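One structure below.
Read-outs: derived from the displayed coordinates by stated rules, not from any lab. As the structure is a computational prediction, the values presented were derived from the model and not from experiment. All Cβ positions, even for glycine, are placed from backbone atoms using ideal geometry, and neighbour counts span all protein chains on display.
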Ligand SMILES: [Zn+2]
């Protein structure tokens, strides 16, 4: 069940995606506030690891000066890929709320079809 607060956060993640001109935007909540938001910059930064989730996790880790983010919630427009899910686990982010499934994303672009559940 998604509440209105979660819907608002997902709208912000979608706005991030639009800024990056990809379907992928992300934000992280800490102490009930958005602490960082980012979008996919793979093409513009020539970095295959620059997914929205990775970019957002990097921002939050710098802000909090920690590589562990146990008191956060990550919102992302698409279900995390195996790389991002691994980073989420390493960062100890306890909750992820996503928009569309990898199967849906795979209808529009190639995806690695290892699920977040398989990674976790
Ligand atoms: Zn990813």
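Pairs of Cα atoms nearer than 8 Å and 6+ residues apart set the relative contact order; for the chain it is 21 percent. Per-residue packing, averaged as other Cβ atoms within 10 Å, sorts the ranges 90-103, 13-26 into the order 13-26, 90-103, beginning with the highest. Taking the alpha carbon gyration tensor of segment 66-120, multiplying each eigenvalue by 5 and rooting it gives semi-axes of 22, 12, 8 Å, largest first.
Sort 69, 89, 64 so the one with the fewest other Cβ atoms within 10 Å of its own Cβ comes first.
Fewest to most other Cβ atoms nearby, the residues stand as 89, 64, 69.
Across the chain, Cα-Cα pairs farther apart than 22 Å form 26% of the total. Ranking of 47, 3 by neighbouring Cβ atoms within 10 Å, starting from the fewest: 3, 47. With both residues required to sit in segment 16-120, DSSP beta bridges show an antiparallel share near 70%.
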